[in-house]
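**Q** Below are the structure tokens for one structure; questions will follow.
Read-outs: derived from the displayed coordinates by stated rules, not from any lab. Remember, it's a predicted structure, so these values are computed and weren't measured experimentally. When we count neighbours, we look across all protein chains shown, and the Cβ atoms used for this are built from the backbone with ideal geometry, even at glycine.
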Amino acid sequence: MIPGVSIYELLTVTSLLFFIGVYGFVTRKNLISILISVELILNAAVINFVVINKYLYPDMLQGAVFGIFIIAVAAAETALAVAIIINLYRQISSVEVEEIETMKH
Amino acid sequence: MMYPYVLLIPLIPLAVFLLLGLFNQKIKPEVSGYIGVGGLLISTILAAITAFEYFITTGKVDGAYEPYVFKTVWMHFSETLHIDMGYLLDPISVMMLIVVSVVSLMVHIYSRGYMKGDQGYTKFFAFLSLFSFSMYGLVLATNLFQIYIFWELVGVSSYLLIGYYYTKESAVAAAKKAFIVTRFADLGFLIGILIIGYYTGTYDFEMLTDPEGSAILSWATTSFMGLSVLTWGLILIFIGGAGKSAMFPLHIWLPDAMEGPTPVSALIHAATMVVAGIYLVARLFPMYYFVEDGFALQVVAYVGAFSALFAALIAITQNDIKRVLAYSTMSQLGYMMLGLGVSGYEGAEGLGYMASMFHLFTHAMFKALLFLCAGSVIHAVHSNYLKDMGSLRKYMPVTHITFLVAALAISGIPPFSGFFSKDEILVAAFEQNKLIYVVGVVVAALTAFYMFRIYFGIFWGKTPGYEKTPHESPTSMTVPLIILALLSAGAGFIPFSEYVTADRMGFEAHLNYPLALIASAVGIIGIAAAWIFYKKENPLPDRMANSLGKLYIWTYHKFYIDEIYLFVTKKILFKRISGPFAKFDKKYVDGTMVGIGNSTVSTSEKIKGIQSGKVQDYALAFIAGAVILGILFIYLWK
């Protein structure tokens with residue numbers, strides 16, 4: 001709990017973070033940028049968990065534990081995504097999302 | 001366990017079958033022949049020991065041969081309903097053990113010579129062993145389900161062996177025909193088993209055949225369409241037996257089954273498997289006799305008598321010697337059924353039962369011998385047809401003499417074995433039913449006639465131009481012939497009525513001299529007629545055939561039974577019933593399923609353009625959907 005900062009302000013920050021992430025995910029053309037946007041979305045969710053835990057249920061720990069859990073999963077997911085991107089780059093020498101559509105229908 | 005080794009009798013052929021079947025390619029043909037013969041020899045010795053112990057050492061207890069049963073629960077459904085496996089020793093099963101063992105052993109030895117050089121030599125012996133195993137199991141069965149299981153197993157082995165020359169189209173067709181016809185009859189058998197099991201509450205032979213038991217005494221309590229339910233069950237079981245024993249009108253498979261190798265015809269389609277139907281009726285004989293005062297037994301008697309006459313008539317006109325023998329088998333099986341049908345139960349009244357079993361025994365010997373002789377002849381001249389044979393007595397003395405012995409035995413000429421058994425059947429028929437007796441006498445005359453027709457045709461008469469001079473078969477083939485000839489000649493002197501009777505008590509049978517005189521007289525008349533017609537080539541047979549006109553043509557074409565079957569199945573069943581069903585199935589049942597599949601495919605064809613392959617389009621759609629759902633949840637979920 002941060003003195004002088006209410007839950008509303010914090011939730012506003014996480015919402016902003018979340019929508020920035022969504023905007024980036026939809027508009028960016030570079031796969032790395034898309035990956036970073038996904039990270040923003042995830043981190044917004046993590047902050048939400050922690051904030052709600054701290055402000056509404058201060059005696060409990062579930063929110064914080066879940067936050068750590070998401071960080072771990074996000075790290076694994078990033079590693080996987082980067083591995084895929086590297087392999088894609090080796091195949092088609094590009095990380096532009098427009099060019100990756102060979103799997104359609 | 002009093003007879004522990006009885007279990008080995010069926011298990012040894014099973015082991016031989018597995019050994020030869022699994023290592024088909026690795027075993028040398030000569031070795032596999034020895035393994036097959038050796039296995040069966042052990043079984044035969046054990047069967048002989050069993051018979052000796054059962055009839056002589058143990059003997060009668062309180063004036064009757066007690067059945068001995070060993071069984072374990074095989075499939076357990078509930079306390080009262082379970083299927084047992086085990087063995088049942090009583091006079092008829094011990095007698096059948098001897099019949100199956102002796103004939104099977106002779107056929108095994110014979111096959112070593114007959115099948116020499118054949119591609120599937122090892123496979124042949126494997127199948128023969130499988131058959132022996134199944135037949136032993138059938139004979140020793142303790143309950144209706146066990147007998148049904150082995151009943152189907154002998155059907156399978158018969159199918160495999162008829163279709164042994166599987167490159168020949170006619171053999172494949174014959175195998176299928178035999179299997180389908182007997183399977184069709186077995187449907188009746190199965191329903192009969194279920195009916196009897198449901199209404200009596202047991203499948204066990206001991207409980208079913210106890211004349212004072214609840215199964216038999218309760219027959220009057222239930223009725224269906226004017227007859228006791230048990231009578232219906234017994235008639236259905238008899239249909240199964242009629243299918244296996246080639247009774248009219250389910251006989252059509254037996255003549256075609258001659259496509260198999262000749263030793264197989266001798267073993268399966270003359271001596272052992274085809275008597276399974278007679279054995280089944282004999283096994284349930286107290287039920288047949290006591291339920292509804294023997295109504296089902298009357299059916300057995302008339303079907304048997306008709307089949308005997310019908311087959312004997314056809315046998316006269318056939319030119320393929322194996323087919324003559326096949327119809328002769330059918331005729332003799334009819335004789336046995338007839339014998340059972342006119343039998344009583346107690347003491348000397350059970351003459352028909354005893355005579356039928358006696359005839360089963362003697363017939364197994366002389367008919368197996370006839371087939372093996374025919375095999376020997378076919379081996380020499382490479383043809384099944386009478387027109388290619390003649391004067392073979394000069395070339396094949398052993399086959400000639402043994403065939404003559406068998407032919408005299410089947411014609412009922414004293415003192416050969418067939419005389420005694422046939423005479424006793426006729427005596428039983430004379431006492432019970434004069435019509436059946438007359439049919440029996442006519443069949444006896446016809447039997448002698450057609451048997452000596454082929455005897456003279458093969459061994460006397462003209463000499464066709466043989467390409468190679470025929471020669472006597474090798475020792476491995478003639479030894480079984482000689483052994484079986486001795487048995488055929490002497491088996492009549494066994495005091496059968498002491499051992500095998502309906503109530504297991506035994507009685508003393510006497511020859512009824514006037515009737516015996518009639519029986520042997522008609523036999524001699526038949527032989528004399530054949531002598532006149534066929535001893536030397538002459539125009540008499542043709543003139544006779546012409547003067548008989550239509551009748552001759554009808555019998556020559558086997559009374560068109562096959563054609564009737566074809567008409568019924570092809571023109572009526574397939575076209576009028578199965579055809580529309582198939583059409584309905586294709587159009588509506590299949591059509592619905594295919595339609596569902598097709599519409600799925602066409603729908604997906606139409607909507608697959610939506611998938612652009614661009615990840616961000618999908619993400620946008622996903623986010624839009626999530627937002628819409630969110631709005632719905634927040635504002636509409638009240």
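**Q** Only counting other Cβ atoms within 10 Å, I'd like B:TRP637, B:TRP151, B:TRP74, B:TRP460 sorted with the fewest neighbours first.
**A** B:TRP637, B:TRP74, B:TRP460, B:TRP151
**Q** Using Cα positions and a limit of under 18 Å, work out the lysines in reach of B:LYS606, with same-chain residues fewer than 8 apart set aside.
**A** A:LYS104
**Q** Same structure again: With Rg and the Kirkwood Rh both taken from Cα atoms, where does Rg over Rh land for the range B:4-556? Let's see the in-between values first.
**A** Working: Rg = 22.4 Å, Rh = 23.4 Å.
Taking Rh as the inverse mean 1/r over Cα pairs, Rg/Rh reads 0.96.
**Q** Now for a different question. Could you work out how far helix B:417-432 tilts from the main Cα principal axis of chain B, as a 0 to 90 degree angle to the nearest 10?
**A** Once rounded, the angle reads 80 degrees.
**Q** May I ask for the Kirkwood hydrodynamic radius of chain A, worked out over all distinct Cα pairs and given in angstroms to one decimal? Before the final figure, lay out each step's value.
**A** On the way: mean 1/r = 0.0641 Å⁻¹.
Averaging 1/r across every pair of different Cα atoms and inverting gives 15.6 Å.
**Q** Taking only the alpha-carbon positions of the range B:1-158 and ignoring solvent, what does the Debye formula give for the base-10 log of I(q)/I(0) at q = 0.18, 0.20, 0.21 Å⁻¹?
**A** Each listed q corresponds, in turn, to -1.05, -1.20, -1.28.
**Q** Using modelled backbone amide H atoms (1.01 Å from N, in-plane), which distant-in-sequence or interchain residues come within less than 5 Å of B:SER223's amide H?
**A** B:VAL229
**Q** Here's a follow-up. With 10 angstrom as the radius, rank B:SER101, A:SER94 by how many other C-beta atoms surround their C-beta, starting from the fewest. Intermediate values should be presented prior to the final figure.
**A** Numbers: B:SER101 26, A:SER94 13.
Exposure proxy ranking, most exposed first: A:SER94, B:SER101.
**Q** Right, next: Hey, which lysines would be in cross-link range of B:LYS575, C-alpha to C-alpha under 18 Å, not counting anything within fewer than 8 residues on its own chain?
**A** In chain and number order, the partners are B:LYS583, B:LYS586, B:LYS587.
**Q** Take B:ILE195, B:ILE180, A:ILE47 and order them by how many other Cβ atoms sit within 10 Å, fewest up front. Could you put the intermediate results ahead of the total?
**A** On the way: B:ILE195 20, B:ILE180 13, A:ILE47 17.
Going from least to most buried by this count: B:ILE180, A:ILE47, B:ILE195.
**Q** Run down the lysines and flag those whose C-alpha is under 25 Å from the C-alpha of B:LYS550, throwing out any fewer than 8 positions away in its chain.
**A** B:LYS322, B:LYS387, B:LYS558
**Q** Let me ask another. State which entries of B:LYS116/B:LYS367; B:LYS394/B:LYS468; B:LYS123/B:LYS244; B:LYS123/B:LYS468; B:LYS26/B:LYS116 exceed 20 angstrom in Cα-Cα distance in the structure shown.
**A** Working: B:LYS116/B:LYS367 23 Å; B:LYS394/B:LYS468 14 Å; B:LYS123/B:LYS244 24 Å; B:LYS123/B:LYS468 30 Å; B:LYS26/B:LYS116 17 Å.
Beyond 20 Å between Cα atoms: B:LYS116/B:LYS367; B:LYS123/B:LYS244; B:LYS123/B:LYS468.
**Q** Here's something else I'd like to know. Output the relative contact order of the range A:7-92, whole-number percent, from Cα pairs under 8 angstrom with separation of 6+ residues.
**A** Working: 66 pairs, mean separation 23.0, N = 86.
27 percent.
**Q** In percent, what relative contact order does the range B:373-431 have, based on Cα pairs under 8 Å that are 6 or more apart in sequence? Before the final figure, lay out the partial values.
**A** Numbers: 29 pairs, mean separation 11.1, N = 59.
That works out to 19 percent.
**Q** While we're here: Evaluate the relative contact order of the range B:53-146 (contact order divided by residue number), counting alpha-carbon pairs under 8 angstrom at least 6 apart; express in whole percent.
**A** On the way: 78 pairs, mean separation 30.1, N = 94.
Taking the mean separation of contacting Cα pairs over the length of the range B:53-146, I get 32 percent.
**Q** Related question: Among B:THR58, B:VAL439, B:GLN318, which residue has its Cα positioned farthest towards the positive end of the charge dipole of the protein assembly as shown, with +1 placed on the Cβ of Lys and Arg, -1 on the Cβ of Asp and Glu, and the dipole taken about the Cα centre?
**A** B:GLN318
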